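The values are calculated or read from the model by the stated rules, or taken from the named source; none is laboratory data. Please read these numbers as outputs of a predicted model, since none were measured by experiment. Glycine also receives a Cβ, built like all others from the backbone with ideal geometry; neighbour counts cover every protein chain displayed. SASA here: full protein model, heavy atoms, side chains in, ligands and nucleic acids out. Shrake-Rupley method; radii C 1.70, N 1.55, O 1.52, S 1.80 Å.
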Amino acid sequence: MTASRFPADVFRLDNGLTVIHQHMPATPVVVVDVWVRAGAIVEPEEWCGMAHFLEHMIFKGTNKLAPGVFDAVIENRGGVSNAATSHDYAHFFITTAAQYLEDTVPALAELLLNAAIPEEEFVRERDVVLEEIRSCSDDPDFGAFQALTESIYQRHPYGRSILGTEVKLMEYTPEQMRSFHRCHYQPENMTVVIVGGVAKEIALKLVQRSFQDFSLPVDCPQAQIEAEPPITEIRCQELFFPRLEQSRLLMGWMGPGVDQLKDAYGLDLLSVLLADGRSSRLVRELREELGLVQGISSNFSLQRDSSLFTISACLDSHYLEQVEALICSRLCQLLSEPVSEAELARCKRLLCNDYAFSTETPTQLAGLYGYYNTIANPEVAVTYPEQIKLFKSSEIQQIAQRYLSPKFYAVTVLKPA
Amino acid sequence: MIHRNILDNGILLLVVENPAADIIAARIFIRAGSRWEAREQAGLSHLLSAVITKGTEQLSSIEIAERVESVGASLSADAASDYFQLSLKTVSGDFVDILHLAGQLLLQPTFPETEVELERRLTLQDIRSQQEQPSTVAFEQLRQAMYGQHPYALSILGTEASVSSLGRADLQRYHQTYFRPDNIVISIAGRVTAAEALALVEKVFGDWQPPASPLPVLQLPPLTSQAGTNVTALPTQQSMVMLGYLASAVQSPDYAALKLLNTYLGNGLSSRLFVELREKRGLAYEVSAFYPTRLDASQFVVYMGTAPENTAQAYAGLHTEVERLCTTKLTADELQASKNKLLGQYALGKQTNSQLAQVFGWYETIGLGIEFDTQFQEKVTAVTPETAHEVACRYFIQRPYVSLVGPEAAVTPFPF
């Protein structure tokens with residue numbers, strides 16, 4: 001695990017496409033995971049939700065592949081496929097037995113390069129996306145998190161909903177979506193990761209051959225990405241949700257972008273220190289000793305332009321103020337007192353082992369390489385444990401001081417209506 | 001290659017040597033779980049899982065957590081309907097220490113009064129919080145209708161009434177009854193040899209002697225319930241529509257065919273329900289089916305979430321597709337595609353050390369043996385369109401149990 005040598009090969013094809021390959025001879029499975037820098041942040045504001053809707057429409061076929069044919073090609077051979085869209089990316093992945101690669105990879109490339117976005121399918125699939133939005137609005141945690149990010153990112157598109165809104169979606173046309181697709185699904189924005197039981201030469205040839213005929217790039221309205229100014233207050237928001245049994249407390253801070261990876265890693269450590277595991281500070285005190293919360297967790301989410309650090313708790317309404325105040329006072333303590341070597345060692349061990357546990361399968365590895373290559377570079381994926389091990393207690397304290405202010409943050413409270 | 005050993009005290013040990021990564025995962029199964037709970041003590045297994053890691057004769061709750069977390073390992077307990085388990089995962093160098101700790105938790109838990117009280121209170125909150133998700137409300141309602149007095153009727157958490165009555169003495173009694181070496185399967189996978197694993201398990205658990213008394217014989221109430229409709233009106237954006245059919249236990253000869261029919265209907269983007277109700281009609285984002293593997297009668301469920309105004313259509317669509325299995329035989333191609341899908345995904349579910357330890361340990365725990373891994377694949381391969389059709393007729397000809405959750409105006413005019 002200490003070896004920093006990057007175990008995969010990275011190629012840049014003549015057309016600008018990035019290919020990352022790793023041979024794992026012991027497995028008969030191959031994962032092909034295609035990452036596109038065409039997440040919600042490249043949408044202009046008036047096209048909010050387009051990237052995610054397009055992810056749905058990619059599966060609706062091309063002039064050569066009728067809708068549903070791709071799904072049958074993958075699944076009838078025992079494989080699985082799916083896709084996801086976030087702010088920084090959209091990605092599309094298949095897991096398939098090595099002997100079927102010749103059938104499955106060209107089909108995946110055909111969908112991604114030549115999505116037809118037929119009018120009739122567009123109208124029908126919009127109903128599916130509207131169902132997805134409805135289903136999310138029935139989930140209190142989804143709504144609370146969305147509200148928190150909107151409050152933190154008031155200018156940057158990270159604050160916008162990935163799904164968009166019903167009103168917006170009803171305005172879009174297939175032609176707009178086609179131009180969004182032809183503009184962003186271009187080789188220089190795309191990384192094909194192929195990991196598993198396939199040798200380099202075979203994999204590379206197959207990808208080269210399949211990801212060749214990109215459509216001519218077209219213009220489409222571009223996003224205006226504004227840097228988010230720092231939070232210089234406590235931004236409070238109170239929301240009500242019917243049927244809620246327990247209140248939610250969500251607190252959020254803006255972290256660095258990928259240009260300051262070291263700080264980001266420090267925040268990963270701080271997130272573990274505060275609320276990962278029963279011996280972490282906040283779980284131990286607030287759940288185990290005081291019994292004030294049903295659960296409390298912290299999450300650090302690395303994003304290209306600006307990361308997000310959150311602390312979330314599920315609790316009885318009448319403890320809301322007390323718990324928020326306690327969290328702030330524990331942050332004050334973190335800012336003023338050095339972290340002990342033993343505690344820091346615990347956090348490092350936990351993150352390094354989590355990393356080892358999340359690189360067992362080709363699916364996990366492909367995701368890791370694709371994600372880091374999309375927002376930074378793939379080598380970052382394997383130097384992570386080493387970087388974590390280097391941290392000193394004083395650095396952790398400085399990073400906490402830089403980002404986790406108990407005076408400047410956003411807080412969203414969700415209460416029973 | 002799976003190494004299988006039975007220790008002198010009755011512990012069954014399985015080891016899969018897998019040197020690929022510097023990881024060892026283990027699952028320690030106990031033949032207990034909510035299936036063994038009396039109705040008035042529902043939730044006992046879950047409460048035990050919450051408290052068993054929180055105190056031994058030598059260590060306090062926080063000391064146990066520190067031992068595990070300081071080496072970045074994981075060690076947790078879970079209760080399910082057909083089993084209870086302790087799960088561990090470590091880098092290989094830490095495995096010996098963490099298995100010793102697991103041994104201490106299993107053999108000498110003290111169930112400290114304050115921890116019992118804390119976890120009992122949090123479980124009661126968890127039970128109430130479950131009402132926040134419409135899909136959980138719909139499933140709970142369906143399960144209670146289908147299973148009546150059988151323990152499968154209730155969530156693993158238990159009910160507010162039953163959990164309120166549980167105490168430390170109940171945990172001790174349950175532990176004394178079921179936690180005995182002749183009722184345990186230990187399954188290990190990772191960078192360890194079978195000989196090393198055997199020596200280690202002998203060292204940690206070898207002195208543990210089974211009591212002279214036999215294990216109690218489980219008496220389960222027969223399923224007497226009848227299909228009907230249950231409705232909960234909630235002010236939600238979507239209606240949840242669920243249809244359930246009582247289906248066979250894992251030992252039944254119909255099991256493989258039912259798994260295939262479930263795959264055909266509800267598994268993946270090319271499945272029948274997905275294509276007919278989502279792709280062609282845009283009625284849902286989530287539409288699927290499940291048929292869990294169970295020791296007793298299982299349930300075959302199809303469900304979807306849909307806009308309130310489409311509730312009746314959604315019900316009709318789901319019902320038609322299940323009934324169609326009785327009226328229309330699957331073509332050879334359709335059946336073959338479902339077999340490929342089911343067997344392909346089955347193989348994909350055995351990739352990590354945790355998955356390997358889980359699947360083989362579970363098969364031994366529920367009495368199927370590790371041979372079931374190959375038997376299952378053979379049985380699936382052997383299903384013909386004719387047998388699939390016969391099985392469908394046997395289970396899907398009767399009226400389904402129906403569970404509806406959604407805005408009052410959308411769900412109460414049922415039958416639509």
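Looking only at region A:365-395, residues that are open to solvent by 10 Å² or more (accessible area, probe 1.4 Å) and assigned to a loop (DSSP other than H, G, I, E, B) come to 5 in all.
The number of residues in region A:228-253 being open to solvent by 20 Å² or more (accessible area, probe 1.4 Å) and in contact with a Leu (Cβ under 7 Å, 6 or more places away or on another chain) comes to 3. Taking residue A:157 as the residue in question, decide whether it is in contact with a helix residue (DSSP H, G or I) (Cβ under 8 Å, 6 or more places away or on another chain), in contact (Cβ under 8 Å) with a residue 40 or more places away in the chain and over 17 Å from residue A:41 (Cα atoms). It is false that residue A:157 is in contact with a helix residue (DSSP H, G or I) (Cβ under 8 Å, 6 or more places away or on another chain), in contact (Cβ under 8 Å) with a residue 40 or more places away in the chain and over 17 Å from residue A:41 (Cα atoms).
For region A:313-364, filtered to residues that are among the basic types (Lys, Arg) and within 9 Å of another protein chain (Cβ to nearest Cβ), the residue that is most open to solvent (accessible area, probe 1.4 Å) is A:349. Select from region B:91-100 the residues that are in contact (Cβ under 8 Å) with a residue 40 or more places away in the chain, crowded, with 20+ Cβ neighbours inside 10 Å and more than 9 Å from chain A (Cβ to nearest Cβ) and list them in ascending order. Hits for region B:91-100 are B:95, B:99.
Scanning region B:317-332 for residues that are in a helix (DSSP H, G or I) and within 30 Å of the chain's Cα centre (by Cα) turns up B:317, B:318, B:319, B:320, B:321, B:322, B:323, B:324, B:325, B:326.
Of all residues in region B:275-316, those that are open to solvent by 10 Å² or more (accessible area, probe 1.4 Å), more than 8 Å from every other protein chain (Cβ to nearest Cβ) and in a helix (DSSP H, G or I) total 8.
Condition check ((1) assigned to a helix (DSSP H, G or I); (2) over 17 Å from residue A:204 (Cα atoms)) across all residues:
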| site | (1), (2) |
| --- | --- |
| A:66 | no, yes |
| A:78 | no, yes |
| A:81 | no, yes |
| A:84 | no, yes |
| A:91 | no, yes |
| A:101 | yes, no |
| A:111 | yes, yes |
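Could you check, for region A:396-415, whether at least one of its residues is within 30 Å of residue B:93 (Cβ to Cβ), small (Gly, Ala, Ser) and either part of a helix (DSSP H, G or I) or without any contact (Cβ under 8 Å) to a residue 24 or more places away in the chain (or both)? No, region A:396-415 contains no residue that is within 30 Å of residue B:93 (Cβ to Cβ), small (Gly, Ala, Ser) and either part of a helix (DSSP H, G or I) or without any contact (Cβ under 8 Å) to a residue 24 or more places away in the chain (or both). Among the criteria (1) part of a helix (DSSP H, G or I); (2) open to solvent by less than 50 Å² (accessible area, probe 1.4 Å); (3) within 30 Å of residue A:140 (Cα to Cα), the one residue A:300 does not fulfil is (1).
In this entry, residue B:252 is excluded by the filter for residues that are outside the structural domain of residue B:153 (by TED's automatic domain parsing), of a type in the set (Ser, Thr, Tyr) and buried (at least 18 other Cβ atoms within 10 Å of the Cβ).
Scanning region B:255-274 for residues that are open to solvent by 10 Å² or more (accessible area, probe 1.4 Å) and within 18 Å of residue A:132 (Cβ to Cβ), we see that the one that is farthest from the other protein chains (Cβ to nearest Cβ) is B:274. Taken together, the residues in region B:67-78 that are open to solvent by less than 20 Å² (accessible area, probe 1.4 Å) and more than 10 Å from chain A (Cβ to nearest Cβ) amount to 1.
The single residue among B:157, B:220 that is within 14 Å of chain A (Cβ to nearest Cβ), surrounded by 14 or more Cβ atoms within 10 Å (Cβ to Cβ), within 23 Å of the chain's Cα centre (by Cα) and assigned to a loop (DSSP other than H, G, I, E, B) turns out to be B:157. What is the residue count in region B:10-38 for residues that are open to solvent by 10 Å² or more (accessible area, probe 1.4 Å) and either of a type in the set (Lys, Arg) or out of contact with any strand residue (DSSP E or B) (no Cβ under 6 Å at 6 or more places or on another chain) (or both)? Count: 11. Of all residues in region B:122-144, those satisfying the criterion of being among the charged types (D, E, K, R) and buried (at least 19 other Cβ atoms within 10 Å of the Cβ) are B:126, B:132, B:140, B:143.
Against the numbered list (1) closer than 17 Å to residue A:185 by Cα; (2) open to solvent by less than 10 Å² (accessible area, probe 1.4 Å); (3) not basic (Lys, Arg), residue A:47 comes up short only at (2).
Residue A:305 meets all of the listed conditions (1) open to solvent by 20 Å² or more (accessible area, probe 1.4 Å); (2) away from chain B (no Cβ under 14 Å); (3) touching a Gly at 6+ places or on another chain (Cβ under 6 Å); (4) within 28 Å of residue B:72 (Cβ to Cβ) but one, namely (4).
With respect to (1) within 11 Å of chain A (Cβ to nearest Cβ); (2) among the hydroxyl-bearing types (Ser, Thr, Tyr); (3) open to solvent by less than 20 Å² (accessible area, probe 1.4 Å), the lone exception for residue B:147 is condition (1). Of all residues in region B:91-139, exactly one satisfies the criterion of being closer than 15 Å to residue B:59 by Cβ, among the small types (Gly, Ala, Ser) and in contact with a strand residue (DSSP E or B) (Cβ under 6 Å, 6 or more places away or on another chain), namely B:102.
Within region A:381-403, the set of residues being at pLDDT 95 or above and hydrophobic (A, V, I, L, M, F, W, C) comprises A:388, A:390, A:391, A:396, A:399, A:400. Of the residues making up region A:55-72, one or more are open to solvent by 10 Å² or more (accessible area, probe 1.4 Å), closer than 30 Å to residue B:260 by Cα and in contact with a Gly (Cβ under 6 Å, 6 or more places away or on another chain).
Return yes when residue B:209 is more than 24 Å from residue B:367 (Cβ to Cβ), away from every other protein chain (no Cβ under 14 Å) and surrounded by fewer than 20 Cβ atoms within 10 Å (Cβ to Cβ) and no when it is not. In short, no. Taking region B:1-91 and the strands (runs of 3 or more DSSP E) fully enclosed by it, the elements with 3 or more residues that are not aliphatic (A, V, I, L, M) are at B:2-6, B:74-79, B:84-91.
Residue count for region A:192-201, restricted to those that are open to solvent by 20 Å² or more (accessible area, probe 1.4 Å), in contact (Cβ under 8 Å) with a residue 12 or more places away in the chain and not in a loop (DSSP other than H, G, I, E, B): 1.
Residues in region B:390-416 that are assigned to a helix (DSSP H, G or I), open to solvent by less than 50 Å² (accessible area, probe 1.4 Å), more than 12 Å from residue B:229 (Cα to Cα) and not hydroxyl-bearing (Ser, Thr, Tyr): B:391, B:392, B:393, B:396, B:410.
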